[in-house]
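Here the structure comes first, spelled out in structure tokens, and everything after it is commentary.
The values are calculated or read from the model by the stated rules, or taken from the named source; none is laboratory data. Since the model is a prediction, treat every value here as computed from it, not as a measurement. Using ideal geometry, Cβ is built from the backbone for each residue, glycine included, and neighbour counts are taken over all protein chains shown. Quick note on the areas: whole protein, heavy atoms, side chains included, nothing else; ligands and nucleic acids left out. Shrake-Rupley method; radii C 1.70, N 1.55, O 1.52, S 1.80 Å.
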Amino acid sequence: MKKALSLVLLCTTLTFYAQTEEVTYNLSKTTSKTTSKTTSNIDTYWQQHVDYTMDIDMDVNNYQYKGKYTNNSPDELSKVFYHLYFNAFQPGSQMDVRSLNITDPDGRVRDRISKLEPNEIGYIKVNTLQQNGAAVTFETVGTILEVTLNKPVKSGESVTFNMDFDAQVPVQIRRSGRNGSEGVALSMAQWYPKMAEYDFEGWHTPPYVAREFHGVWGDFDVTLHIDKSFVVGGTGYLQNPQEIGHGYEDKSKELNLPKGDKLTWHFKAPRVHDFMWAADPAYIHDIFKMENGIDLHFYYKNTLDKKYLQNWKDLQPKTAELMTYFSEHVGQYPYKQYSVMQGGDGGMEYAMSTLITGQRSYGSLFGVTAHEMAHTWFQFLLASNESLHPWMDEGFGSYISALAENEILKEGKVNPNAGPYSSYNFMVNSGSEEVLTTHADRYNTNRAYGFASYSKGSMFLAQLEYIIGAENTAKGIKKYFTDFSFKHPTPNDIKRTMEKVSGIDLGWYLNEWTQTLHTIDYGIKSVEGNEITLERIGQMPMPIDVEVTYTDGTKQNYNIPLEMMRGSKPTKASILKDWGWAYPTYSFNAAKKVRSVAIDTSKLMADVNDDNNVFEVK
Ligand SMILES: [Zn+2]
């Protein structure tokens, strides 16, 4: 039965139609209800709000889709935009052509889109769209629907949109689709017409070419009618477990299953900015209940090899430890449920959930789960614009998941985030490094994107430990969550937060590290008697930690703040006069006769040339 269903999916074109999509605009100058926390920009900060109601019938290939959209922009809008992500999976699309032309294509994409048959492609075709009941002009341009409104939406005004569309689920190419490489029937990510975000920078309507997303905060109400053999999970709380079973039911109560071939799944997801679901008839569905009331759901195919099935069991208590770690070190997870689902094509983060391929060693399964779950904080709750600043979610997520893994797996690493430092030197020397202000899709190579976003992004925080101290960095991460969760923080917001907790100016750091390709190289120029002279060789300035070993065998640590910091980190080292960056050298007298000098023994400063960091007096 299960195999037969899979086969049906293999050769069936999954098409869905929407009769009505209602989107209501409500402009208001006040902050939305999701932004009630006090921050310095509370008077000027605003963000959009969207409420979707979707009704989806997979059996008859019919999707119905409704939404209420609240726009808190102070601006009058004459246009709105929707993302139609499935349109990327068509021969000749920008995603296809970009993959064909880039020098290091993603192995999952390569030329696969160019070879899709008509019944394998993805699409969302909008048939009609109305604003307050009157038809509006719209045009589908690749993966973006451009809508010209009949009359501008004024601040404080509500508008309702109705949309008719039909769509087709593509075979799995990247992130979403049907019949993935491990046979998961439906990985439904980026699957619905999604309102584009409008914020202080204006509209964000990048075509879907490769990666990274940005969405509008709101509430989702999704009803799904699907063959009763399918187990469904994803974003949102199931509202009718007794009508579903499949492991969701309260076993002390009676099931109330409807007659017929279908079950009706009703999900609600409050305060999210995306909605993912996945479905497969062969899913095992486990619930791991945490003591604090959070339910961890796991979905993985019963057709997996025994060794993989065991990995998925072993993962469950460790996922709870990850949830606890991130809640304690970033901020309390605000939902009551998180789901780890076999699906997708690697690992990808979604609202209240992740899709991850299941045929993995235990270490890989745990590591990818840690990374994707970390995204719940860095990207989902702290919803920075991934397209513009992928280093803020990939980098910060990598940073915090490395700390979590070190603790949970008892790895005992002194610097769990040391890994990226070695790839940093490699990338700098390759000459193909690109600046972090590059849009995620606009890096010349996938490698340069990956390095900038993951490695240099995680080093942003690791290196902050060196500049402002580990305790301040940890405190800053928590304050960042307190001030900016359920919002769209920007690079300046993480900078300002770290400045507030440390009392140290960091504008120079944000600029040098994320807006230039300047590199750090400090060296010890000379030691004469007790006088030590340091030199700045690289263009990027930094505060300098120096460990001095005296001829009597004792050691002393010195800290030289960078003048632009207007302060120094908490340290047991002797704090010396600060160093104005323009001066190429800096001399100071050590207390006793010097045997050797070492710059930054923590190795947290990304010095591109270690050779001149240690000096032995002959
Ligand atoms: Zn990631």
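Observations on the model:
- Each Lys or Arg adds one and each Asp or Glu subtracts one; over the other residues with Cβ under 9 Å from the Cβ of Leu355, this totals -2.
- Sum of -39500 (n - 2.57) over DSSP H runs of 4+, divided by residues of the chain (222 nm, nearest 500): -6500 deg cm²/dmol
- Hypothetical label at Thr140: residues of region 81-96 whose amide nitrogen lies under 15 Å (7 Å Cα-Cβ projection): 82-94
- Percent RCO, i.e. relative contact order, over the chain, from Cα pairs under 8 Å lying at least 6 residues apart: 10
- Of the cross-linked pairs Lys500/Lys593; Lys262/Lys318; Lys115/Lys456; Lys495/Lys577; Lys268/Lys500; Lys307/Lys603, those separated by over 30 Å at the C-alpha level are Lys500/Lys593; Lys262/Lys318; Lys115/Lys456; Lys268/Lys500; Lys307/Lys603.
- Region 496-566 shape via C-alpha gyration tensor axes, a/c threshold 1.5: oblate
- Of all accessible heavy-atom area on the chain, the percent that carbon and sulfur account for (1.4 Å): 50
- Once the gyration tensor of the Cα atoms in region 370-418 is diagonalised, the equivalent ellipsoid follows with semi-axes of 23, 11, 6 Å, ordered largest first.
- Each Lys or Arg adds one and each Asp or Glu subtracts one; over the other residues with Cβ under 13 Å from the Cβ of Ala402, this totals -4.
- Global geometry of region 319-396, whether rounded, prolate or oblate, following the gyration tensor of its Cα atoms and the 1.5 cut on a/c: oblate
- Heavy-atom surface of the chain, accessible at 1.4 Å and reported per residue (Å²): 39
- Net +/- balance of residues flanking Glu249 in space, Cβ distance below 15 Å, scoring K and R +1, D and E -1: -1
- Within straight-line reach of Lys79, meaning a Cα separation under 16 Å, sit the following lysines at least 8 residues removed in sequence or on another chain: Lys151, Lys154, Lys194.
- Note that the chain carries a Kirkwood radius of 26.2 Å, evaluated over its alpha carbons pair by pair.
- Using only alpha carbons, region 92-191 has a radius of gyration to Kirkwood radius ratio (Rg to Rh) of 1.09.
- Given R0 = 56 Å, the distance between the Cβ atoms of Asp314 and Ser574 translates into a calculated FRET efficiency of 0.70.
- Gain on full extension, evaluated as 0.36 nm per residue between Glu531 and Val414 minus their Cα-Cα distance, stands at 39.0 nm.
- Burial order of peptide ranges 184-192, 100-108 (average beta-carbon count within 10 Å, highest first): 184-192, 100-108
- Cα-based helix-to-principal-axis angle, 457-468 vs the chain, degrees rounded to 10: 40
- Charges were assigned to the Cβ only: +1 to each Lys and Arg, -1 to each Asp and Glu. The resulting dipole of the chain about its Cα centre is roughly 740 debye.
- Most positive-pole-ward Cα, Pro416, Ser114, Thr516, against dipole of the chain from beta carbon charges: Pro416
- With a cut-off of 16 Å on the backbone N, the residues of region 565-608 near the modelled label site 7 Å out from Asn425 along Cα-Cβ are 599-608.
- The relative contact order of region 490-595 comes to 26 percent, based on Cα pairs under 8 Å that sit 6 or more residues apart.
- Calculated FRET efficiency for the pair Ser158/Asp295, C-beta based, R₀ 25 Å, to 0.05: 0.10
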